[in-house]
Amino acid sequence: MNFNLRNAQSWVETASRIKQFSERRARLSYRFHSPSSPAVRMLAYLFVSGDDLTPVRQPDSPYYFAYKGFPNTRSTMLVAEALADKGWLERSFFDRHHECAGCHSHRLIVREECPACHSPNLSEVDLIHHYSCAKLSPEDDFRRGTALVCPKCSKQLRHYGKDYDKPGRVEFCGRCQKTTSEPAIGFVCQDCGMRVDGDAVNVTDVFSYSLSDQAGALLATETAEVEYFPKALLQAFPDELQRRVLQLSHSKECAPDFVVAEIQYGARDDLLRNKGEAAFRSMRKLLADNLQGLLGDNASVHSSHDRDYVLFLGVDETGLGAYSASMLNRSESVLFDKLHPTLLVLWSGREGTER
């Protein structure tokens, strides 16, 4: 909504918006006035704003879109999908994007490429067919100054339609010098440079989300119980992390606040490209062991085949900050290859706990 100081209608619309916000805020159950987890925060935001969670075009984002009010697009998608799987949000198709398998960016360019070497350096050239020896090649192969000479039988071609014809055009590769009548389609990520064949590129659907009737009723009542950790998000975790999260979420005693974060590796693609999967996994394992040693009883590190997670106890999302960055830097400092680790918070707080 754009506010125009000199436009009377703009004042009316703004006042109406503020009144709507106030009325919906008054209807929100007091238990959600200070949400402590991303999921509850999202539900409360949608309820009070009265708006859907709708993607907005944002070319400078690696996802090429963002959700208004939520700065971390990937974390927002994970939470929204988990809530939709549980029935708290309803999905509506918005768009279909191609996604980089390496860094998850949606900023991919599509291009025609040489099937042999994947170079996009293609140019269209005429084919010449020499009747007497059946030689079929690009015109440049026949060109000798101003004359046309067959590279196979060395005869000069003088008369079009009698000595030769031009049956069509092909794409000529400036890198490997090969020709093709059917260029390949390839995708290249503009953020990490990863290339993938057109028939193997990941496709992801982008959705907008709205509160379900079930969620609306929950947010406006003082008696309904709050659902705990989203099952869809939980199922992606290693078994031991699932067990600990369920234990914390459903504890009837005074369980501590907790944060679940995924370790992101900024150097992942470079290491995979230069040293391979085994070296990358070895560095991951060393960093995870170092991090666990530094964190002690304050947190636990959990690993699956391709991801690493940290479960922090007794803190909330705002309490991580410099502490987690320091722990990651110290864990990485003794490694031969740098991983450039950062944390992506997937969940914080303990839903259903009154504060």
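For the stretch 28-42, which positions are surrounded by 13 or more Cβ atoms within 10 Å (Cβ to Cβ), touching a residue at least 24 places away in the same chain (Cβ under 8 Å) and not β-branched (Val, Ile, Thr)?
Leu28, Ser29, Arg31, Phe32, Pro35, Ser36, Ser37, Pro38, Ala39, Met42
Mind listing whichever residues of the stretch 108-144 are closer than 17 Å to Asp163 by Cβ, open to solvent by 70 Å² or more (accessible area, probe 1.4 Å) and in a loop (DSSP other than H, G, I, E, B)?
Tyr131, Ser132
For the structure I just gave you, tell me whether Asp51 is part of a loop (DSSP other than H, G, I, E, B) and closer than 19 Å to Ala217 by Cβ.
Numbers: part of a loop (DSSP other than H, G, I, E, B): yes; closer than 19 Å to Ala217 by Cβ: yes.
Against the criterion (part of a loop (DSSP other than H, G, I, E, B) and closer than 19 Å to Ala217 by Cβ), Asp51 qualifies.
Which condition from (1) in contact (Cβ under 8 Å) with a residue 24 or more places away in the chain; (2) assigned to a loop (DSSP other than H, G, I, E, B) is the one that Ser154 breaks?
It fails just one condition, (1).
Please report, ordered by residue number, the strands (runs of 3 or more DSSP E) entirely within the stretch 170-270 with at least 3 residues that are modelled with pLDDT of 90 or more and farther than 25 Å from Phe280 by Cβ.
In the stretch 170-270, the matching strands (runs of 3 or more DSSP E) lie at 202-211.
Considering each of Arg6, Arg17, Arg41 in turn, give the residue that is modelled with pLDDT under 85 and outside any loop (DSSP other than H, G, I, E, B). Let's see the steps before the verdict.
Values: Arg6 fails: outside any loop (DSSP other than H, G, I, E, B); Arg41 fails: modelled with pLDDT under 85.
Arg17 is the lone residue from the list that is modelled with pLDDT under 85 and outside any loop (DSSP other than H, G, I, E, B).
Tell me which of these Tyr45 doesn't satisfy, since it passes every other one: (1) open to solvent by 10 Å² or more (accessible area, probe 1.4 Å); (2) within 20 Å of Phe187 (Cβ to Cβ); (3) free of Cβ contacts under 8 Å to residues at least 60 places away in the same chain; (4) more than 20 Å from the chain's Cα centre (by Cα).
(2)
Of all residues in the stretch 157-169 being in a strand (DSSP E or B) and among the charged types (D, E, K, R), which is farthest from Cys114 (Cα to Cα)?
Initial filter on the stretch 157-169 (in a strand (DSSP E or B)): 157, 160, 164-165, 169.
With the extra rule that they be among the charged types (D, E, K, R), the set shrinks to 165, 169.
Details: Asp165: 25, Arg169: 15 Å.
Among those residues, the one meeting the criterion is Asp165.
The values are calculated or read from the model by the stated rules, or taken from the named source; none is laboratory data. Here the structure is a predicted model, which means the values were calculated and not measured. Positions of Cβ are generated from backbone atoms using ideal geometry, with glycine treated the same way; all protein chains shown enter the neighbour counts. Remember, those area values only see protein heavy atoms, side chains included, never the ligands or the DNA or RNA. Shrake-Rupley method; radii C 1.70, N 1.55, O 1.52, S 1.80 Å.
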